[in-house]
Amino acid sequence: MSQRVVVIGGGVIGAACAHYLLKSGHSVEIIEQNEFGRGCSHANCGYVCPSHVLPLAQPGAVRGAMKALLSPNSPFTIRPRFDPALWGWLLRFARRCNRRDMLAAGDAIKALLMSSRALYDELFRIESFDAEWETRGLVLVFQTPKAMELYAETNRLLRERFDMGAVRFDGDALEKLEPALKNGLAGGWHYPGDAHLRPDKLLASWRTNLESRGAAIHEHCEFQGLDRDNGRWIVKTSGESLKASSIVVATGAWTPLLRRHLGCAVPIQPGKGYSITMARPGVCPILPMLFEEHRVAVTAMRSTYRLGSTMEFAGYDSTLNSRRLELLRTGAAHYGFRRG
């Protein structure tokens, strides 16, 4: 039976939910407090990576995080403040930094990632989206032999437990795989099943597609609460109220702020990442890469070039820290790119 569905949140998850709801015959309205397809869905590195199967909560993660907090150039930081929700979340995170919980989470994450990867393949096969979709895999690049060998243990786990093993490229072999890198790097691990796209173009294409199929998108429309009327939902917003048979909440890191309306607490903490988008350099990488020792991600898209990463627990502060942007540039400089 066709229903009228209101999707709260106009990011990639809200867009995807609207897409498949329309395919199922439902009518859809999307409300977005800012602009559709912006925020986290706009300027990330565009990775669609089944290889990212392990959670951040791993054995040794707490020790590594504490060490990182003592470094002024660390890609990880926590802005000091009184925030019981944050410290409670960090405590729960620390309790899960063990092998048993890591593997259990990895099993669940794998199912999600493999489904996502297959759905993207289907989406670009069926729809005429202009999103620069590429299926060249992802390379984890290591500067030092010690780090390269340490990662061999992780890759062994990924291969044996999750069937996600990479192809190893040492020294000169890595240079042949990715000629844009500097000489003298220890090596890298190539995960051929990974893919990437340009996220802002994906969301622009998805918007055109959704609106052509009858979806209504309400921008600068803030969610303000829920009511019930004769078995139907009334979604109260900063604009007009919307009636719906069902509601999808796709608000990402903003979800904890809806606790009063949802009637439950959602244990999510916002983490701020940074990216720099620029013109493609004269010597441009072929493959997307992660520089593991400096925590910098590189994506060379068809029309642009992007550096990204860092994790800053700063609450809902959306201001930019120029020093953290500079960490992306200096981190990438350790690896490339050779001129000529």
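The values are calculated or read from the model by the stated rules, or taken from the named source; none is laboratory data. Worth saying up front: this structure is predicted, and the values here are computed from it rather than measured. Every residue, glycine among them, receives a Cβ derived from its backbone with ideal geometry; neighbour counts consider all protein chains shown. Protein only, heavy atoms only, side chains kept; ligands, DNA and RNA dropped before computing areas. Shrake-Rupley method; radii C 1.70, N 1.55, O 1.52, S 1.80 Å.
I'm checking my understanding of the structure. Among residues of region 235-255 that are in a strand (DSSP E or B) and of a type in the set (G, A, S), which one is surrounded by the most Cβ atoms within 10 Å (Cβ to Cβ)? Talk me through it step by step, then tell me what you get.
Taking region 235-255 and keeping what is in a strand (DSSP E or B), we get 235-237, 242-244, 246-249.
With the extra rule that they be of a type in the set (G, A, S), the set shrinks to 244, 246.
On the way: A244: 20, S246: 13.
Here the residue is A244.
Would a scan of region 310-325 turn up a residue that is closer than 19 Å to D200 by Cβ, open to solvent by 60 Å² or more (accessible area, probe 1.4 Å) and of a type in the set (S, T, Y)? Spell out the reasoning first.
Let us first name the residues in region 310-325 that are closer than 19 Å to D200 by Cβ, namely 318, 320, 325.
Add one more test, that the residue is open to solvent by 60 Å² or more (accessible area, probe 1.4 Å), and what stays is 318, 320.
Checking which are of a type in the set (S, T, Y) leaves us with 318.
Yes.
Has region 256-268 got at least one residue that is open to solvent by 40 Å² or more (accessible area, probe 1.4 Å) and part of a strand (DSSP E or B)? Working first, answer last.
Within region 256-268, the subset open to solvent by 40 Å² or more (accessible area, probe 1.4 Å) is 257, 259-268.
Subsequent filtering for residues that are part of a strand (DSSP E or B) retains none.
No; the residues of region 256-268 include none that is open to solvent by 40 Å² or more (accessible area, probe 1.4 Å) and part of a strand (DSSP E or B).
How do the pairs read when you match residues in region 76-97 that are in a loop (DSSP other than H, G, I, E, B) and of a type in the set (S, T, N, Q) with residues anywhere that are buried (at least 16 other Cβ atoms within 10 Å of the Cβ) and modelled with pLDDT under 95, using Cβ under 7 Å and keeping only pairs 6 or more apart or on different chains?
No pair meets every condition.
Taking only pairs six or more apart or across chains, which ones have beta-carbon atoms under 9 Å, a first residue in region 299-314 that is within 11 Å of P285 (Cβ to Cβ) and of a type in the set (G, A, S), and a second residue that is open to solvent by less than 20 Å² (accessible area, probe 1.4 Å) and not in a strand (DSSP E or B)?
From residues that are within 11 Å of P285 (Cβ to Cβ) and of a type in the set (G, A, S), the pairs are A300/A180; A300/P285; A300/L287; A300/P288.
Restricting attention to region 56-103, which residues are of a type in the set (G, A, S) and closer than 29 Å to R329 by Cα? Outline the logic, then answer.
From region 56-103, those of a type in the set (G, A, S) are 57, 60-61, 64-65, 68, 71, 74, 85, 88, 94; that's our starting set.
Across region 56-103, the qualifying residues are A57, G60, A61, G64, A65, A68, S71, S74.
Check whether at least one residue in region 191-212 is of a type outside the set (S, T, N, Q), part of a helix (DSSP H, G or I) and more than 28 Å from T255 (Cβ to Cβ), and report yes or no. Step through it out loud before you land on a result.
So the first thing to find is which residues in region 191-212 are of a type outside the set (S, T, N, Q), and the list is 191-204, 206-207, 210-211.
With the extra rule that they be part of a helix (DSSP H, G or I), the set shrinks to 199-204, 206-207, 210-211.
Checking the rest, the ones that are also more than 28 Å from T255 (Cβ to Cβ) come to none.
No - not one qualifying residue is present in region 191-212.
Within region 300-340, restricting attention to residues that are assigned to a strand (DSSP E or B) and touching a helix residue (DSSP H, G or I) at 6+ places or on another chain (Cβ under 9 Å), which residue is nearest to P256 (Cα to Cα)? Please lay out each step first, then the result.
Of all residues in region 300-340, those assigned to a strand (DSSP E or B) come to 300, 305-313, 336.
Narrowing the set further to residues that are touching a helix residue (DSSP H, G or I) at 6+ places or on another chain (Cβ under 9 Å) leaves 307-310, 312-313.
Numbers: L307: 29, G308: 26, S309: 23, T310: 22, E312: 18, F313: 15 Å.
Selected residue: F313.
I'd like the full set of residues that are over 19 Å from L242 (Cα atoms), outside any helix (DSSP H, G or I) and either acidic (D, E) or at pLDDT 95 or above (or both), limited to region 1-12. Steps first, please.
Step one: of region 1-12, the residues over 19 Å from L242 (Cα atoms) are 1, 11-12.
In the following step, the residues that additionally are outside any helix (DSSP H, G or I) were identified as 1, 11.
Correct list: G11 only.
Of all residues in region 93-126, which are more than 20 Å from the chain's Cα centre (by Cα) and open to solvent by less than 50 Å² (accessible area, probe 1.4 Å)?
Answer for region 93-126, where residues must be more than 20 Å from the chain's Cα centre (by Cα) and open to solvent by less than 50 Å² (accessible area, probe 1.4 Å): A94, C97, N98, D101, L103.
Just wondering, is there one or more residues in region 102-120 that are part of a helix (DSSP H, G or I), touching a residue at least 12 places away in the same chain (Cβ under 8 Å) and hydroxyl-bearing (S, T, Y)?
yes
Among the residues of region 164-190, which ones are assigned to a loop (DSSP other than H, G, I, E, B) and of a type in the set (F, W, Y)? Don't jump to the end; show me each part of the working.
From region 164-190, those assigned to a loop (DSSP other than H, G, I, E, B) are 164-166, 171, 178-180, 182-186; that's our starting set.
Listed by number, the list is empty, since nothing qualifies.
Look at G231 and say whether it is of a type in the set (G, A, S), at positive phi and either free of Cβ contacts under 8 Å to residues at least 12 places away in the same chain or open to solvent by 30 Å² or more (accessible area, probe 1.4 Å) (or both). Steps first, answer last, please.
Details: of a type in the set (G, A, S): yes; at positive phi: yes; either free of Cβ contacts under 8 Å to residues at least 12 places away in the same chain or open to solvent by 30 Å² or more (accessible area, probe 1.4 Å) (or both): yes.
The answer is yes for G231.
For the condition open to solvent by 20 Å² or more (accessible area, probe 1.4 Å) and either within 19 Å of the chain's Cα centre (by Cα) or within 22 Å of S27 (Cα to Cα) (or both), what is the one hit in G193, G225? Quick ask: steps written out before the conclusion?
Working: G225 fails: open to solvent by 20 Å² or more (accessible area, probe 1.4 Å).
Result: G193 is the single residue among G193, G225 that is open to solvent by 20 Å² or more (accessible area, probe 1.4 Å) and either within 19 Å of the chain's Cα centre (by Cα) or within 22 Å of S27 (Cα to Cα) (or both).
Among the residues in region 195-206, are any touching a strand residue (DSSP E or B) at 6+ places or on another chain (Cβ under 8 Å) and more than 25 Å from I276 (Cα to Cα)?
Applying the first criterion (touching a strand residue (DSSP E or B) at 6+ places or on another chain (Cβ under 8 Å)) to region 195-206 yields 195-197.
Keeping just the survivors that are more than 25 Å from I276 (Cα to Cα) gives none.
No, the conditions are met nowhere in region 195-206.
Would you please name the residue that is modelled with the highest pLDDT, looking only at residues in region 13-67 that are in a helix (DSSP H, G or I) and under 17 Å from A297 (Cβ atoms)?
Keep residues of region 13-67 that are in a helix (DSSP H, G or I), which gives 13-23, 39-41, 61-67.
If we keep only those that are under 17 Å from A297 (Cβ atoms) too, we end up with 40-41.
Details: C40: 88, S41: 93.
Once the filter is applied, the top-ranked residue is S41.
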